[in-house]
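Mind having a look at this structure? Questions to follow.
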Amino acid sequence: MAQIKGKNTKPEIKLRSLLHRAGFRFRIHVNTLPGTPDIVLPRYRTVIFVNGCFWHRHENCKYAYNPKSRQDFWQKKFSSTIKRDCEKTDKLMRAGWQVLTVWECELRNNPEAIVHDLALKIIDFTNQSNRKHYTRESPSTGLIATLVSCYTTAEEA
């Protein structure tokens, strides 16, 4: 696990390239914000996390499988990751930031649609006078990048 990269992963670099090509300018890995978001768009008060499906437990994803060995260890590890994701999202939202999550598998399958969805959500959030949390499904690509609230584990549900 020591060799698992936390920054500048391939999906993250790909998304940054697509966002830059679409005209968005951003900062990366801003450590003054909770959770050190992967991409920060200060002009739009938006942060984007590029999450790996396995580590962050993307629901109904084939890449979010449970390892067969040391199941207790993995369950604790995944639970703490989900809890940490929830806490950093809540802190950012309370500070007035829009929090978007892009999943690795979705970026792999349809990157152009992801950028289109993100652009719509970023601009829509900026145009709203009342910045409340919401989740909206995109008609063209399904739920690609959503505003994140707390994740719930099977144990909490």
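The values are calculated or read from the model by the stated rules, or taken from the named source; none is laboratory data. Nothing here was measured: the structure is a model prediction, and the numbers come from that model. Counting neighbours? That spans all protein chains shown, and the Cβs are built from the backbone with ideal geometry, glycine included.
Identify the single condition in (1) buried (at least 17 other Cβ atoms within 10 Å of the Cβ); (2) modelled with pLDDT under 90; (3) farther than 15 Å from Leu107 by Cβ; (4) of a type outside the set (Val, Ile, Thr) that Asn60 does not satisfy, given that it satisfies every other one.
Single failed check for Asn60: (1).
Something else about it: Taking into account only those residues within the stretch 19-56 that are touching a strand residue (DSSP E or B) at 6+ places or on another chain (Cβ under 9 Å) and on the phi > 0 side of the Ramachandran plot, which is surrounded by the fewest Cβ atoms within 10 Å (Cβ to Cβ)?
His29
One line per residue, one yes/no per condition, for (1) more than 13 Å from the chain's Cα centre (by Cα); (2) aromatic (Phe, Trp, Tyr); (3) over 13 Å from Pro11 (Cβ atoms):
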{"position": "Gly96", "(1), (2), (3)": "yes, no, yes"}
{"position": "Val102", "(1), (2), (3)": "no, no, no"}
{"position": "Leu107", "(1), (2), (3)": "no, no, no"}
{"position": "Pro111", "(1), (2), (3)": "yes, no, no"}
{"position": "Asp124", "(1), (2), (3)": "yes, no, yes"}
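Return a yes/no flag: does the stretch 1-18 have any residue that is surrounded by 17 or more Cβ atoms within 10 Å (Cβ to Cβ) and assigned to a loop (DSSP other than H, G, I, E, B).
Looking for residues that are surrounded by 17 or more Cβ atoms within 10 Å (Cβ to Cβ) and assigned to a loop (DSSP other than H, G, I, E, B), one finds none in the stretch 1-18, hence no.
Exactly one of (1) surrounded by 16 or more Cβ atoms within 10 Å (Cβ to Cβ); (2) of a type in the set (A, V, I, L, M); (3) modelled with pLDDT under 85 is unmet by Leu92. Its number?
(3)
May I pose another question? I need a count of the residues in the stretch 91-114 that are out of contact with any strand residue (DSSP E or B) (no Cβ under 9 Å at 6 or more places or on another chain) and in a helix (DSSP H, G or I).
7
List the number of the failed condition for Pro42; all other conditions in (1) touching a Leu at 6+ places or on another chain (Cβ under 8 Å); (2) free of Cβ contacts under 8 Å to residues at least 60 places away in the same chain; (3) not hydroxyl-bearing (Ser, Thr, Tyr) hold.
Condition (1) is where Pro42 drops out.
I would also like to ask the following. Anything in the stretch 89-119 that is free of Cβ contacts under 8 Å to residues at least 40 places away in the same chain and farther than 21 Å from Ala22 by Cα? List them, or say none.
Residue satisfying the conditions is Arg94 alone.
To continue, here is another question. Specify the residue that is modelled with the highest pLDDT; the eligible residues are those in the stretch 125-137 that are within 18 Å of Leu92 (Cα to Cα) and part of a helix (DSSP H, G or I).
Phe125
Then there's this: Could you list all residues from the stretch 19-53 that are aromatic (Phe, Trp, Tyr) and either farther than 21 Å from Phe125 by Cβ or part of a strand (DSSP E or B) (or both)?
Passing the criteria: only Phe49.
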